[in-house]
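Beneath this line is the structure, given in structure tokens, with notes to follow.
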Amino acid sequence: MKLIFLGPPGAGKGTQAAGVSAHLGVPHISTGDMFRSAIQNQTPTGLEAKRYIDAGELVPDSVTIAMVKERLSMDDCKPGYLLDGFPRTVEQAIALDDISAPDAVVDIDVPDERLMGRLTGRRICGKCQGTFHISKLDDEKVCPVCGGELYQRNDDKPETIDTRLKAYHEQTEPLIGYYKGLGKLRTVNGDGQLEDVFKAILATLE
Ligand code: AMP
């Protein structure tokens, strides 16, 4: 199955994608994770992407589309894919239709007023890459799964979050209409418990 998770930053796309991709047996492809890893490895893509990511802006389509095209050509994508964070612009969606069109698009819907708290409280484990929220942590600095050190993403600071939400509304939200027009859109309420959202996603895919 070829699947896209749409939704604003902080909607829970990454967390849900990890479980759903394992359930469906397709690779979880997060363009945000790919860019962060490229930045860490100081590749040309990483060096180009860093200034946009740090500012909360979208990386240019040409760079992002080339990176995804290469990733989707890999063998593990033969059974399909679960794309998390791509496409984020109509130009990217049109390019994806050309490369390998999705079967379904799940829009994880969460109201804006819930997103700021979700993002500012998000912590990532530097060792296992797990994502947590401070409201559920005994110690904000220690990963409850592997004991690694937790950190806050640079772009999860309030001033950058405003820019990311603006980019979402202006550039990504139009994709809801794009995929609705193609009859591929399924909307799930993402403002609930993790397990309930997970079940709702699987139900909408049946
Ligand atoms: P994410 O981890 O999905 O929140 O992405 C983090 C950042 O990576 C975004 O704020 C963008 O700067 C960049 N990014 C990720 N995916 C895309 C994309 N499809 N198009 C452009 N920029 C992206």
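Checking the conditions here, which among Arg123, Arg118 is outside any strand (DSSP E or B) and more than 11 Å from the ligand (Cβ to nearest atom)?
On the way: Arg123 fails: outside any strand (DSSP E or B).
Only one candidate passes the filter, namely Arg118.
Considering only residues in the stretch 46-57 that are at negative phi and crowded, with 20+ Cβ neighbours inside 10 Å, the one that is nearest to the ligand (Cβ to nearest atom) turns out to be Ile53. If the condition is being within 15 Å of the ligand (Cβ to nearest atom), without any contact (Cβ under 8 Å) to a residue 60 or more places away in the chain and not aliphatic (A, V, I, L, M), then the stretch 74-99 contributes Glu91, Gln92, Asp97.
Which residues, counting only those in the stretch 174-206, are of a type in the set (Gly, Ala, Ser) and more than 15 Å from Val20 (Cα to Cα)? If you could, list the steps in order and put the result at the bottom.
Residues of the stretch 174-206 of a type in the set (Gly, Ala, Ser): 177, 181, 183, 190, 192, 200, 203.
Across the stretch 174-206, the qualifying residues are Gly177, Gly181, Gly183, Gly192.
Quick check, is Val26 among the β-branched types (Val, Ile, Thr), in a loop (DSSP other than H, G, I, E, B) and within 29 Å of Ala200 (Cβ to Cβ)? Can you show your working first?
Working: among the β-branched types (Val, Ile, Thr): yes; in a loop (DSSP other than H, G, I, E, B): yes; within 29 Å of Ala200 (Cβ to Cβ): yes.
Yes; evaluated as a whole, the condition is true for this residue.
Is one or more of the residues making up the stretch 64-82 among the acidic types (Asp, Glu) and closer than 30 Å to Lys157 by Cα? Taking every residue of the stretch 64-82 in turn, none turns out to be among the acidic types (Asp, Glu) and closer than 30 Å to Lys157 by Cα. The residues listed here are Ala49, Ala66; of these, the one that is under 17 Å from the mean Cα position of the chain (by Cα), free of Cβ contacts under 8 Å to residues at least 24 places away in the same chain and more than 24 Å from Gly19 (Cα to Cα) is Ala49. Screening Gln42 against (1) within 15 Å of Leu96 (Cβ to Cβ); (2) away from the ligand (no atom under 11 Å from the Cβ) leaves a single unmet condition, (1).
Given the condition in a helix (DSSP H, G or I) and more than 18 Å from Leu58 (Cβ to Cβ), answer yes or no: does some residue in the stretch 148-157 qualify?
Step one: filter the stretch 148-157 for residues in a helix (DSSP H, G or I), giving 154-156.
Applying the additional criterion that residues be more than 18 Å from Leu58 (Cβ to Cβ) yields none.
Looking for residues that are in a helix (DSSP H, G or I) and more than 18 Å from Leu58 (Cβ to Cβ), one finds none in the stretch 148-157, hence no.
Looking for whichever is within 19 Å of Asp33 (Cβ to Cβ), in contact with a helix residue (DSSP H, G or I) (Cβ under 9 Å, 6 or more places away or on another chain), hydrophobic (A, V, I, L, M, F, W, C) and part of a strand (DSSP E or B) here; the options are Leu96, Leu82. Which one fits?
Details: Leu96 fails: part of a strand (DSSP E or B).
The conditions single out Leu82.
Of the residues Asp196, Asp138, Asp107, only one is outside any helix (DSSP H, G or I) and under 28 Å from Met1 (Cβ atoms); which?
That would be Asp107, the only listed residue that is outside any helix (DSSP H, G or I) and under 28 Å from Met1 (Cβ atoms).
Of the residues that make up the stretch 77-90, is at least one out of contact with any His (no Cβ under 8 Å at 6 or more places or on another chain), among the aromatic types (Phe, Trp, Tyr) and within 21 Å of Glu206 (Cα to Cα)? Checked against the condition, which is being out of contact with any His (no Cβ under 8 Å at 6 or more places or on another chain), among the aromatic types (Phe, Trp, Tyr) and within 21 Å of Glu206 (Cα to Cα), the stretch 77-90 yields at least one hit.
Among the residues of the stretch 156-199, the ones that are among the basic types (Lys, Arg), more than 18 Å from the chain's Cα centre (by Cα) and surrounded by 16 or more Cβ atoms within 10 Å (Cβ to Cβ) come to 1 in all.
Coordinate-derived values only; no laboratory data. Treat the numbers as computed from the prediction; the structure is a model and nothing was measured. Here Cβ is always computed from backbone atoms with ideal geometry, including for glycine, and neighbour counts include all displayed protein chains.
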